[in-house]
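Asker: Take a look at the following structure, please.
The values are calculated or read from the model by the stated rules, or taken from the named source; none is laboratory data. Predicted model, so just to flag it, every value in this text is computed and none were measured. In this analysis, Cβ positions are derived from the backbone assuming ideal geometry, glycine residues included, and neighbour counts consider all displayed protein chains.
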Amino acid sequence: MPYTVPKLDDFSPAALDAAGRDLLAAVRQEAEAVSGENDYKNFRDRWMARKNGVLTQINDLWLKAAPGPAKRDVGARVNQLKTEVEQIVEKRRLWVLAPTITAEHPGIEIPAQDWERYIKDAQLLGQKIDITLPGIRRPMGAEHPVIRTMNEVIGVFRAMGYSVAEGPEVETDYFNFEALNFPPNHPARDTQDTLFVAGQEKKAQRDRLLLRTHTSPVQIRAMLDTPPPIRVVAPGKVHRADTADATHSPVFHQVEGLAVDTNITFSDLKGTLDHAMKSLFGSSMKTRFFPSFFPFTEPSADVSITCFKCGGKGCRLCKMSGWIELLGCGMVDPNVFKFVESNGYDSQKISGFAFGMGVERITMLKYGIDDIQLFYQGDVRFLEQFA
Ligand code: PHE
């Protein structure tokens, strides 16, 4: 027996409950029975047709017939029933449509819990669905090559027991120069090299702010933080008043290293850096140390590695020397320890080494990049080669 809307003479909540239950049971049962598209249309019209659909009938037979005091309650119930019936009908519509889509695209299976959403999306967009089209994919980001090298260098030293320290990019003259044993009129303090923060003239020289020219001030900060023994690497951004060209940039990156303990010798420095270079560039890489000068290390050295273009034979890249200069290093100058004496750094009892390397330079050599500016231009075609 198909469902027919009954006339009501009892408008008590209990009677309305029962009538509502019957109606919903009927619409659910009929929905179940709907199979094809024509079937669906009949079903929809039977329930929703403006003219004499079931929903219109309950409006007439229940709501309009309700006595004054019951109108409010009956109205709310009728509205609720309308919403529920509409949802049941819509659900059935999607259910009927789904096989058509899968049939048009054999081989594609839309999981039952998804097809409703697929169809809804397409309707919202007012489009026919072509679920074989690829989705909109957001390109994956990737580490910048400079950061990547930095992390590789850090990884090599972490594996040797080093921890990571950081310091501010806006430094005081004290940490950037004075505590690192730069004499008062050392050329490195010159406006040629250092970018000073303006308006600092009233301050004492040691308190004046500048953009750090190297990561070496982190050596001092780390030693003030941690008594010996200490092993840290300090990666970061540094600034110099250089005009940009293929090998210079006013902003670049360094990784600093510092190891202080009892009986640290120059051999430890050589062994450590030789190992690090082999880890970074391959085990056949050789290192060469030759004398240099830094105010905060004594003795100081520059380190070269085998030219990877020619393998040491001599070529244009290494200016026929077979070697490529890569970093600065040395044994921590006892004068530097004086500035951190209060934290247990007694140059009579301890010794240490430090080193600093330019991350862009390492990256350029590693990947054969000939212009440092490429790192900062943000050209995706360049960057995605490293992804
Ligand atoms: N800070 C030096 C520079 O920027 C490099 C360096 C670090 C040298 C530590 C020796 C020890 O050139």
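Asker: Can you pull out the residues in region 261-274 that are among the hydrophobic types (A, V, I, L, M, F, W, C) and either more than 14 Å from the ligand (Cβ to nearest atom) or in a loop (DSSP other than H, G, I, E, B) (or both)?
Answerer: Going through region 261-274, the residues among the hydrophobic types (A, V, I, L, M, F, W, C) turn out to be 264, 266, 269, 273.
Ile264, the sole residue that qualifies.
Asker: When region 236-250 is examined, which residues are found to be surrounded by 17 or more Cβ atoms within 10 Å (Cβ to Cβ) and more than 13 Å from the ligand (Cβ to nearest atom)?
Answerer: Taking region 236-250 and keeping what is surrounded by 17 or more Cβ atoms within 10 Å (Cβ to Cβ), we get 236, 238-240, 249.
Matches in region 236-250: Ser249 only.
Asker: Does Met357 count as more than 35 Å from the chain's Cα centre (by Cα), surrounded by 15 or more Cβ atoms within 10 Å (Cβ to Cβ) and within 16 Å of the ligand (Cβ to nearest atom)? Break it down into steps so the answer makes sense when it comes.
Answerer: Values: more than 35 Å from the chain's Cα centre (by Cα): no; surrounded by 15 or more Cβ atoms within 10 Å (Cβ to Cβ): yes; within 16 Å of the ligand (Cβ to nearest atom): yes.
In short, no.
Asker: Scan region 136-160 for residues that are aliphatic (A, V, I, L, M) and either surrounded by 11 or more Cβ atoms within 10 Å (Cβ to Cβ) or closer than 25 Å to Asp371 by Cβ (or both) and jot them down. Explain how you work it out, then say what you get.
Answerer: Within region 136-160, the first condition is being aliphatic (A, V, I, L, M), and the residues that meet it are 136, 140, 142, 146-147, 150, 153-154, 156, 159-160.
Within region 136-160, Ala142, Val146, Ile147, Met150, Val153, Ile154, Val156, Ala159, Met160 qualify.
Asker: Of these, Phe177, Phe182, Phe196, which one is touching a residue at least 24 places away in the same chain (Cβ under 8 Å) and not polar (S, T, N, Q)? Steps first, please.
Answerer: On the way: Phe177 fails: touching a residue at least 24 places away in the same chain (Cβ under 8 Å); Phe196 fails: touching a residue at least 24 places away in the same chain (Cβ under 8 Å).
Criteria check complete, one pass: Phe182.
Asker: Now for a different question. Identify all residues within region 208-229 that are more than 12 Å from the ligand (Cβ to nearest atom) and either part of a helix (DSSP H, G or I) or surrounded by 23 or more Cβ atoms within 10 Å (Cβ to Cβ) (or both); write none if there are none. Give the steps one after another, and end with the answer.
Answerer: First pass over region 208-229, keeping only residues more than 12 Å from the ligand (Cβ to nearest atom): 208-211, 221-229.
Residues satisfying the conditions are Arg221, Ala222, Met223, Leu224, Asp225.
Asker: Scan region 154-172 and report the pairs whose first residue is without any contact (Cβ under 8 Å) to a residue 24 or more places away in the chain and farther than 28 Å from Arg206 by Cα and whose second residue is in a loop (DSSP other than H, G, I, E, B) and among the hydrophobic types (A, V, I, L, M, F, W, C), with Cβ atoms within less than 6 Å and a gap of 6+ or a chain change.
Answerer: none
Asker: When both residues are 6+ apart or on different chains and their Cβ atoms are under 6 Å apart, which pairs have a first residue that lies in region 212-227 and is touching a residue at least 24 places away in the same chain (Cβ under 8 Å), and a second that is within 12 Å of the ligand (Cβ to nearest atom) and in a helix (DSSP H, G or I)?
Answerer: Listed by first residue and then by second, the contacts come to Arg212/Asn176; Ser216/Leu180; Pro217/Asn176.
Asker: A further question follows. Considering only region 186-207, state which residues are charged (D, E, K, R), in a helix (DSSP H, G or I) and within 16 Å of the ligand (Cβ to nearest atom). So that I can check it myself, show each step before the final result.
Answerer: Residues of region 186-207 charged (D, E, K, R): 189-190, 193, 201-203, 206-207.
If we keep only those that are in a helix (DSSP H, G or I) as well, we get 189, 206-207.
Arg189 - this is the single residue of region 186-207 that is charged (D, E, K, R), in a helix (DSSP H, G or I) and within 16 Å of the ligand (Cβ to nearest atom).
Asker: Would you please name the residue that is surrounded by the fewest Cβ atoms within 10 Å (Cβ to Cβ), looking only at residues in region 66-85 that are of a type in the set (D, E, K, R) and either free of Cβ contacts under 8 Å to residues at least 60 places away in the same chain or under 14 Å from Asp17 (Cα atoms) (or both)?
Answerer: Residues of region 66-85 that are of a type in the set (D, E, K, R), as a first pass: 71-73, 77, 82, 84.
Keeping just the survivors that are either free of Cβ contacts under 8 Å to residues at least 60 places away in the same chain or under 14 Å from Asp17 (Cα atoms) (or both) gives 71-73, 77, 82.
Working: Lys71: 14, Arg72: 10, Asp73: 14, Arg77: 20, Lys82: 17.
Out of the qualifying residues, it is Arg72.
Asker: For region 1-49, which residues satisfy the criterion of being outside any helix (DSSP H, G or I) and under 59 Å from the mean Cα position of the chain (by Cα)? Steps first, answer last, please.
Answerer: Filtering region 1-49 down to residues outside any helix (DSSP H, G or I) leaves 1-12, 34-36, 49.
Listed by number, the residues that qualify are Val34, Ser35, Gly36, Ala49.
Asker: Among the residues of region 321-330 satisfying the criterion of being among the hydrophobic types (A, V, I, L, M, F, W, C) and modelled with pLDDT of 90 or more, which is nearest to the ligand (Cβ to nearest atom)?
Answerer: Restricting attention to region 321-330, the residues satisfying the condition of being among the hydrophobic types (A, V, I, L, M, F, W, C) are 323-324, 326-327, 329.
Next, from what is left, pick out any that are modelled with pLDDT of 90 or more: 323, 326-327, 329.
On the way: Trp323: 18, Leu326: 11, Leu327: 7, Cys329: 5 Å.
Among residues in region 321-330 that are among the hydrophobic types (A, V, I, L, M, F, W, C) and modelled with pLDDT of 90 or more, the one nearest to the ligand (Cβ to nearest atom) is Cys329.
Asker: Hey, another quick one. Do we find a residue being modelled with pLDDT of 75 or more and either of a type in the set (Lys, Arg) or over 29 Å from the mean Cα position of the chain (by Cα) (or both) anywhere in region 107-124?
Answerer: Scanning region 107-124, I find no residue that is modelled with pLDDT of 75 or more and either of a type in the set (Lys, Arg) or over 29 Å from the mean Cα position of the chain (by Cα) (or both), so the answer is no.
Yes/no matrix, rows are residues, columns are (1) in contact with an Asp or Glu (Cβ under 7 Å, 6 or more places away or on another chain); (2) part of a loop (DSSP other than H, G, I, E, B); (3) away from the ligand (no atom under 16 Å from the Cβ):
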{"position": "Ser283", "(1), (2), (3)": "no, yes, yes"}
{"position": "Phe289", "(1), (2), (3)": "no, no, no"}
{"position": "Ser292", "(1), (2), (3)": "yes, no, no"}
{"position": "Glu298", "(1), (2), (3)": "yes, no, no"}
{"position": "Ala301", "(1), (2), (3)": "no, no, no"}
{"position": "Lys313", "(1), (2), (3)": "no, yes, yes"}
{"position": "Cys318", "(1), (2), (3)": "no, yes, yes"}
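Asker: Can you tell me how many residues in region 30-62 are over 18 Å from Lys91 (Cβ atoms) and either hydrophobic (A, V, I, L, M, F, W, C) or in contact (Cβ under 8 Å) with a residue 40 or more places away in the chain (or both)?
Answerer: Within region 30-62, residues that are over 18 Å from Lys91 (Cβ atoms) and either hydrophobic (A, V, I, L, M, F, W, C) or in contact (Cβ under 8 Å) with a residue 40 or more places away in the chain (or both) number 5.
Asker: Please go through region 230-260 and give me each residue that is hydrophobic (A, V, I, L, M, F, W, C) and in a strand (DSSP E or B), ordered by number.
Answerer: Within region 230-260, the subset hydrophobic (A, V, I, L, M, F, W, C) is 230, 232-234, 238, 241, 244, 246, 251-252, 255, 258-260.
Once the filter is applied, which keeps residues that are hydrophobic (A, V, I, L, M, F, W, C) and in a strand (DSSP E or B), region 230-260 yields Ile230, Val232, Val233, Ala234, Val238, Val251, Phe252, Val255, Leu258, Ala259, Val260.
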